[in-house]
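**Student:** Quick one: the structure is below, questions incoming.
The values are calculated or read from the model by the stated rules, or taken from the named source; none is laboratory data. Here the structure is a predicted model, which means the values were calculated and not measured. Counting neighbours? That spans all protein chains shown, and the Cβs are built from the backbone with ideal geometry, glycine included.
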Amino acid sequence: MNTGNGELTDDLEQIFSTLRHEFGNTVNSLKMTIDVLIRNYHDFDENARLEFLYRAQDQVERQHKFLDAMRTYARATVGELEEIPLISFWNDCVVLTRERLADKHIRFSHHIQSESCRIIANLSAVQNILKYLIDNAAEAVSDVAFPEIELSAYMLFEHLVVQIQDNGPGIHPDIRSRIFTPFFTTRSGHAGLGLSICRKMLNQMGGRLELSNRQPFGTDACVWLKTV
């Protein structure tokens, strides 16, 4: 993954590409619909006119949904940071994971390899990030014969790394470079903001998010949090 200005440039290029595609398609479709309606208005009966008006309305609603998603991304900010004792933080992580996986019949294990420390973060923001990543992992193993999710934590370079591992299919190479791009998704009905918002909030807390494939299969999500 790129870092610094290179990463920012890549992100902006991908975001603008998504915007061009989304708004370009809907605007062109809306224009064609209105043009046909205007040219044939007097020849169309009332039902035909309504049909084209509904088509235009659908395209406008699609644009509104995309604008709402853009607002959601822009408003994703982290509140005040605090110092959180490691033990209480870790216990909360385990309880949160158990709650998200309740009744999903997924084997769950957890372990921590860390010295005593305090995490500098916004607890609510971190919990929301972990909820999203746990739900992602649970969805990834939904079709696996023996689904497993492992939660672990360890210290590295003055950071606490919280690791969520699953034994799902992993990240397809074709989309690897786009998984953090806002509005990119492979799942119908999703806005494609989850991972990008998680990374944005972690950056605001001085941390970061990394996703990689495990061997021979599965995904490894690492949440890096600053410590004192």
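**Student:** Can you tell me which residue among 46, 115 is modelled with pLDDT under 95, loosely packed, with under 12 Cβ neighbours inside 10 Å and over 25 Å from the mean Cα position of the chain (by Cα)?
**Tutor:** 115
**Student:** OK, next. Restricting region 186-203 to residues that are of a type in the set (S, T, N, Q) and outside any loop (DSSP other than H, G, I, E, B), which is modelled with the highest pLDDT?
**Tutor:** That would be 203.
**Student:** How about region 111-144: which of its residues are under 17 Å from residue 219 (Cβ atoms) and either in contact (Cβ under 8 Å) with a residue 60 or more places away in the chain or outside any helix (DSSP H, G or I) (or both)?
**Tutor:** Of everything in region 111-144, those that are under 17 Å from residue 219 (Cβ atoms) and either in contact (Cβ under 8 Å) with a residue 60 or more places away in the chain or outside any helix (DSSP H, G or I) (or both) turn out to be 129, 130, 132, 133, 136, 137, 140, 141, 142, 143, 144.
**Student:** Another question, if that's okay. Output yes when any residue across region 36-43 is of a type outside the set (Lys, Arg), at pLDDT 95 or above and in contact with an Asp or Glu (Cβ under 8 Å, 6 or more places away or on another chain), and no when none is.
**Tutor:** no
**Student:** Okay, next question. Among the residues of region 153-178, which ones are under 24 Å from residue 91 (Cα atoms) and crowded, with 18+ Cβ neighbours inside 10 Å?
**Tutor:** Those that are under 24 Å from residue 91 (Cα atoms) and crowded, with 18+ Cβ neighbours inside 10 Å: 153, 159, 160, 161, 162, 164, 165, 166, 167.
**Student:** Moving on. With respect to the numbered conditions (1) assigned to a helix (DSSP H, G or I); (2) out of contact with any Gly (no Cβ under 8 Å at 6 or more places or on another chain); (3) not aromatic (Phe, Trp, Tyr), which one is the sole condition not fulfilled by residue 84?
**Tutor:** Here residue 84 clears every test but (1).
**Student:** Let me ask something else. Return the total of residues in region 179-228 being closer than 23 Å to residue 149 by Cβ, hydroxyl-bearing (Ser, Thr, Tyr), over 12 Å from the mean Cα position of the chain (by Cα) and surrounded by fewer than 18 Cβ atoms within 10 Å (Cβ to Cβ).
**Tutor:** 1
**Student:** Quick check on my filter: what residues within region 13-32 are under 18 Å from residue 180 (Cα atoms) and surrounded by 12 or more Cβ atoms within 10 Å (Cβ to Cβ)?
**Tutor:** Scanning region 13-32 gives 14, 15, 17, 18, 19, 22.
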